[in-house]
Structures are given as C-alpha cells and as structure tokens.
1. If we count other beta carbons within 10 Å of each Cβ, what is the order of 47, 34, fewest first?
2. For helix 58-67, what angle does its Cα long axis make with the longest principal axis of the chain, in degrees from 0 to 90 and rounded to 10?
3. How much length would be gained if the chain were fully extended between residue 29 and residue 43, taking 0.36 nm per residue of separation minus their Cα-Cα distance, in nm to one decimal?
4. Taking 2.2 N^0.38 Å as the expected size of a compact globular protein, what ratio does the Cα radius of gyration of the range 21-71 give against it, to two decimals?
5. Give me the percent relative contact order of the chain, please, defined on Cα pairs under 8 angstrom at least 6 residues apart.
6. So how far apart, in nm, are the two label points at residue 18 and residue 36 if each is 7 Å from Cα heading toward Cβ?
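Please treat every number below as a calculation from the coordinates, not as lab data. These figures come from a predicted structure and were not determined experimentally. Cβ: placed from backbone, ideal geometry, glycine included. Neighbour counts: every protein chain shown.
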Ligand SMILES: [Zn+2]
C-alpha cells in the first residue's frame, strides 16, 4: 500500500492515500458546515470529511458559499 506523498497528509478512513484516494468535490451543507467528499479507488469507498473553513483561502470559501459545491477536476 502506498504511503503519503507529503508529511502533513492524512490517510482516508480506509488507510489509503492520494492518488488512490481522490477528491470528488467540496460542498456546503444546509447546516452551513463544509465537507469534502473523497473516494478511494482501491477500496471503492466514499468518505465525507469536515472542512475547517479557517484553513482555506477566503476566495475558495466565498466560491463555495456562492456555488454550494465545487467539483474536483477529474483528469
Ligand atoms: Zn482505501
């Protein structure tokens, strides 16, 4: 199983890391909280993790507020 590509990286709940675990989208929930949807290609599972708005650029949060969700670019 591949390890993290950066020290700060946190494994998904299944224990896998990017690039096996891909970001699907970020969204703002109806209760005002922000979440990131991840999907692991090895385990075929999806995860929802909370996003701390204070740790993201203001422009990103503004866009999320306006659009409700931001899809990750799928390559
Ligand atoms: Zn996995």
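1. Neighbour counts put them in this order, fewest first: 47, 34.
2. In the chain, helix 58-67 runs at an angle near 80 degrees to the longest axis.
3. 2.5 nm
4. 1.16
5. Reported relative contact order: 26 percent.
6. Simple spin-label model gives 0.7 nm for this pair.
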